[in-house]
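Below: one structure, written as structure tokens.
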Amino acid sequence: MTDAHYRVATIPGDGVGPEVVAAARAVVDAAGEALGFAVDWSELLVGGAAIDAYGVAIRPEDVEACGAADAILLGAVGGPKWSDPSAAVRPEQALFALRGGLGLFANLRPVSVHPALVGSSPLRPELLEGVDLLIVRELTGGLYFGEREEPSGPVGARRAADVLPYTESEIRRVVELAFELAATRRGHVTSVDKANVIATSRLWRIVATEIGAAHPDVTLVHQLVDSCAMLLVRRPADFDVIVTENLFGDILSDEAAVLAGSLGMLPSASLGLRRTEHGTFGLYEPIHGSAPDIAGRDLANPIGTVLSAAMLLRLSLGREDAAAAIEAAVSRVLDDGFRTADLLPPDGHHDGLRQVGTSAMTAAIVERIAIPEAARAIAAAPS
Ligand code: IPM
Ligand code: MG
């Protein structure tokens, strides 16, 4: 019997977005069936698809509908059709409207290396041992939301400008969260800035130092962004929680994705302060983009979105049971040798591996959603 209902707004978006969102929905529904809950899914037209339909990347009523759900699951937005740099309306504007409009200031990007995928990363296996880090990226400030001056002036003398503002409270809330998360992990925060050059980075460092002083249980290290970029590939296992501003976090998280073997593996959560009946309201999406070159061809790796849905279940819906079941199922498909094209080792050693498409990978994950008896008994018990 199904006794709990949750409301999740989905934004399939563009490119491979609809395929990976459908995959994650199927996996969540399978977990719900096993554990006795159901998700009411709604679907919104956002991104390039919305530009075609409504002339804007997202309509205000759709931002509102997202805010009224328990959580949002997003595939990807964007594609070559809408990427003219001079266009006034761009699919990415939908992301900023959702992040800014819903107050989702903290972007969590966990990166770990599944042992079976060590050979899929271009880095040497011994560097990858023990990698388990969490990037906490500030998401509603900095260059992304500062004032802009678009390119103007005569050819040869054109100019443009972007302003990088940060307030103390914007820094404080995200760094505080990083410390709270570190306390539940290995107790180590790396605060990344460019304090030797940029004023907002100096403010960042002052605030991070104050927060560090109030958390003697957590070690704080300040790292300049350029050296952090180098250490991420040289000694990635040394990092626990990395907290940084919007643009640095964008860049470092793509770099860190290489550790996991493929961008297609990685999930993310964007959180604010709003609590729902079941947890913290948030938006969940894979960190990969819309990959228009492989869209509609059953080639996309659904795991980043499936693992994003697991984060959604854990953080927004309070369903640790379902989140853990999904993560275990993903781990088992990898152990069992299932690989989408992006996960095949570059060295050509494919023995024991089975190359599959999006739908076969999804089916393999669904098949492995085995709920331990104990969890089943707890879910079935009358409360
Ligand atoms: C991300 C993406 C976006 C960002 C783009 C699509 C605007 O790269 O979520 O990391 O820069 O935030
Ligand atoms: Mg990015």
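The values are calculated or read from the model by the stated rules, or taken from the named source; none is laboratory data. In this text, all values refer to a predicted model and were calculated from it rather than measured experimentally. With ideal geometry, Cβ positions are generated from the backbone for all residues, glycine too; neighbour counts draw on all protein chains shown.
Structure notes:
- Scoring residue 124 on the criteria (1) crowded, with 21+ Cβ neighbours inside 10 Å; (2) away from ligand 2 (no atom under 16 Å from the Cβ) leaves a single failure, condition (1).
- Any chance residue 175 is away from ligand 1 (no atom under 16 Å from the Cβ) and surrounded by 18 or more Cβ atoms within 10 Å (Cβ to Cβ): yes
- Residue that is nearest to the chain's Cα centre (by Cα), among those in region 127-169 that are charged (D, E, K, R) and surrounded by 19 or more Cβ atoms within 10 Å (Cβ to Cβ): 137
- Region 248-260 residues that are within 15 Å of residue 342 (Cα to Cα), paired with ones that are near ligand 2 (Cβ under 9 Å from one of its atoms) (beta carbon under 7 Å, 6 or more apart): 257/287
- Residues of region 116-125 include none that is of a type in the set (Lys, Arg) and modelled with pLDDT of 95 or more.
- None of 57, 68, 106 is more than 15 Å from ligand 2 (Cβ to nearest atom), surrounded by fewer than 23 Cβ atoms within 10 Å (Cβ to Cβ) and among the small types (Gly, Ala, Ser) except 68.
- When residues of region 246-279 are limited to those that are buried (at least 18 other Cβ atoms within 10 Å of the Cβ) and farther than 30 Å from residue 123 by Cβ, the one farthest from ligand 2 (Cβ to nearest atom): 279
- Within region 266-296, tally of residues that are hydroxyl-bearing (Ser, Thr, Tyr), within 16 Å of ligand 1 (Cβ to nearest atom) and assigned to a strand (DSSP E or B): 3
- Qualifying positions in region 237-265 - more than 11 Å from ligand 1 (Cβ to nearest atom) and in a helix (DSSP H, G or I): 237, 238, 248, 255, 256, 258, 259, 260, 264, 265
- Residues being within 16 Å of ligand 2 (Cβ to nearest atom) and surrounded by fewer than 24 Cβ atoms within 10 Å (Cβ to Cβ) - total across region 293-321: 0
- Restricting region 180-206 to residues that are under 15 Å from residue 242 (Cα atoms) and free of Cβ contacts under 8 Å to residues at least 40 places away in the same chain, the residue that is surrounded by the fewest Cβ atoms within 10 Å (Cβ to Cβ) is 184.
- When residues of region 346-383 are limited to those that are buried (at least 16 other Cβ atoms within 10 Å of the Cβ) and more than 16 Å from residue 33 (Cβ to Cβ), the one modelled with the lowest pLDDT: 353
- Scoring residue 86 on the criteria (1) more than 16 Å from ligand 1 (Cβ to nearest atom); (2) within 28 Å of residue 239 (Cβ to Cβ) leaves a single failure, condition (2).
- Qualifying residue in region 70-80 (condition: in contact (Cβ under 8 Å) with a residue 60 or more places away in the chain, out of contact with any helix residue (DSSP H, G or I) (no Cβ under 8 Å at 6 or more places or on another chain) and more than 16 Å from ligand 1 (Cβ to nearest atom)): yes
- Members of region 209-231 found to be crowded, with 18+ Cβ neighbours inside 10 Å, over 23 Å from the mean Cα position of the chain (by Cα) and assigned to a helix (DSSP H, G or I), listed by number: 211, 212
- So residue 97, is it surrounded by fewer than 21 Cβ atoms within 10 Å (Cβ to Cβ), within 16 Å of ligand 1 (Cβ to nearest atom), among the hydrophobic types (A, V, I, L, M, F, W, C) and not assigned by TED's automatic domain parsing to the domain that holds residue 127: yes
- Every residue from region 76-92 that is assigned to a loop (DSSP other than H, G, I, E, B) and away from ligand 2 (no atom under 16 Å from the Cβ): 84, 85, 86, 87, 88, 89
- Hey, residue 153 more than 30 Å from residue 341 (Cβ to Cβ) and either of a type outside the set (Val, Ile, Thr) or more than 16 Å from ligand 2 (Cβ to nearest atom) (or both) or not: yes
- For region 10-30, the criterion of being assigned to a strand (DSSP E or B), of a type in the set (S, T, N, Q) and touching a Leu at 6+ places or on another chain (Cβ under 9 Å) is met by at least one residue.
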